Structure formats: C-alpha cells, structure tokens
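Engineer: Pasting a structure here, questions to come.
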Amino acid sequence: KKLGKTLASVFAAQKVYAFGKASLKAFTEDQAAAVRLAKAVDNLGLSYSNTDISSFISKLEGQTAVLDDLLRPAFQALLTTTGDVTKSQQLLTSAIDISRGSGVELTTVAQDLANGYVGITKGLKKYNLGLTQAQLKGKSFEEIMVLLNKQFDGASAAYLATYAGKMEVLTTASANAKETIGKGLVDALTILGGQKDDVQGVADSMNNLATYAADATVGTAALIKELGKIPGLTGVGQFLKGAF
C-alpha cells in the first residue's frame, strides 16, 4: 500500500514536470513566432500596425480555431508580398476558408495566394477552379480570388460545425492554456532568479544548480566508496550505496 502511494506520487510529479516543461516550450515558441512577425512588420516600415496585427491574429484564432502558430507565418507570407496590412488580412481570412474547404495546409494556401498576387499562378491549379493553366495566367488576381471565394466561401464555419472542427476548438484552447501557464512559469522563475526583466539570471541559476548537483553526486559516490574501506563502517557504506 505504501509502495503504491509512493509510485502514485512519483508519477504525479513526473506528469506535473512534463506538463510544466511542455507549457514552457509552448510559450517560448509562441513568443518567438510573435517576435519574428513583429520584426518582419518593422522591416516593411509598418511598425505602427504591429498592435492591430496582433489583435487581428488573436481574434482570428478565436473565430476559426486555427492556432496563431499557423496564422502568423501565413500572414507574414502575404504581408511581405503585398506590403498591405488590410489586403493581407482579407487574403488570410480567405485562405482559411480555402484551406478548410480543400484540405490543403494553411501555410501552403497563403504562399499560393502570395505567389498568385505577383502573377505566379501555377500553385492555384490544385484548387480545381475549372481553369487551365493558360486560363489562370490570363486572369487577374482579383478575378481568381472571386472564383476562389465563390467556391470555398463558408468552408471554415462548416468545418467548425463538424466533430473534427469541435475537437480543433478544444485543441486550440488547450494550446493557449499551455502558453498562458508557460508564461506564468517564466515570470515566476524570473522573480525567483532575482531578475525583474531578465531571464538570464534564471538560466545562470539553473546552470549553477546543475553543476552543484553533479558535484554532489560525484562527492557522494566517492564518500560511499571510502566508507566501504573503513573497518566498522562497511555497513554504513553499503546502506548509503543502496540508498544512492
């Protein structure tokens, strides 16, 4: 019975640790992706739009259950091509419908639209618009978008009504919860590390702890070995060896 309780507590601790580690990873990756997009926006001379873009991505994630991990690179591909925030937002919204209706990954759809915007229409043939490659080339991007929107309009909403779509909503909520918890863990570790705005102190403390633990492990092993050599203390050495 005691062994069962011990094992339960050990496995519970492992689960908590694993979840904490996954939460930290989710938060740091999300933050890195946000920084990449913000930098791309800055480089286009559109720094003033960063707040609006961040808000747009957040709202779109909530409305469509598409993770912002996917929305950001898709939006970035469109924005770097069009240089227009409003146009990119419109295209991304269309891209989600096209992705959900065609089964093609969102990042691929966004890149196809970005290419189509500059006249490279080869990738658009996969969406079965009933046009030959020559006919696609002969149409303007606006005309192609009319056809795409007509064919895939409402596909995202229809998908969210399915069982798979509802599971996607739960998955997105779970991912966001992990990111929120991960941020809380980073903030807590930063405070404990004595660094208000810098996580480097936390990293240094963790490195020091690892070094101390390694030294203590080696020292304990050496102590056990030496105790085993002393007459009368052999039993102590064996006991510590078993515990170690």
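Engineer: May I ask you to compute the full-extension gain from residue 120 to residue 59, defined as 0.36 nm times their residue separation minus their alpha-carbon distance, rounded to one decimal in nm?
Structural biologist: Numbers: separation 61, 0.36 × 61 = 21.96 nm, distance 3.04 nm.
Result: 18.9 nm gained on full extension.
Engineer: Please find the FRET efficiency linking residue 146 to residue 46, where r is the Cβ-Cβ separation and R0 is fixed at 25 Å, and quote it to the nearest 0.05.
Structural biologist: Values: r = 27 Å, r/R0 = 1.08.
The pair residue 146/residue 46 has a calculated efficiency of 0.40.
Engineer: Further question: Return the whole-Å distance between the Cα centroid of the stretch 123-185 and the Cα centroid of the stretch 24-56.
Structural biologist: Computed from Cα coordinates, the inter-centre distance equals 21 Å.
Engineer: Provide 118, 66 ordered by accessible surface of protein heavy atoms (probe 1.4 Å), highest first.
Structural biologist: 118, 66
Engineer: Moving on to the next point. Rounded to whole Hz and in sequence order, give me ³J(HN,Hα) for the stretch 125-138 from the Karplus expression 6.51 cos²θ - 1.76 cosθ + 1.60, θ = phi - 60°, writing x for Gly and Pro.
Structural biologist: In residue order, the calculated couplings are 5, 5, 8, 6, 8, x, 10, 6, 4, 5, 5, 4, 5, x Hz.
Engineer: Pull out the extension gain between residue 153 and residue 36, defined as 0.36 nm times the separation in residues minus the alpha carbon to alpha carbon distance; nm, one decimal. Could you put the intermediate results ahead of the total?
Structural biologist: Values: separation 117, 0.36 × 117 = 42.12 nm, distance 3.02 nm.
Extending this stretch completely gives an extra 39.1 nm.
Engineer: Provide the gained length on full extension for the span residue 160 to residue 22, in nm with one decimal, where the gain is 0.36 nm per separating residue minus the Cα-Cα distance.
Structural biologist: Once the chain is fully extended between residue 160 and residue 22, it gains 47.0 nm.
Engineer: Let me ask something else. Can you tell me the FRET efficiency between residue 137 and residue 188 if r is taken as the Cβ-Cβ distance and R0 is 41 Å, rounded to the nearest 0.05?
Structural biologist: 0.15
The values are calculated or read from the model by the stated rules, or taken from the named source; none is laboratory data. Model, not experiment: these values are computed from the prediction. Here Cβ is always computed from backbone atoms with ideal geometry, including for glycine, and neighbour counts include all displayed protein chains. When the accessible area is computed, the model is the full protein with side chains, heavy atoms only, and any ligands, DNA or RNA have been set aside. Shrake-Rupley method; radii C 1.70, N 1.55, O 1.52, S 1.80 Å.
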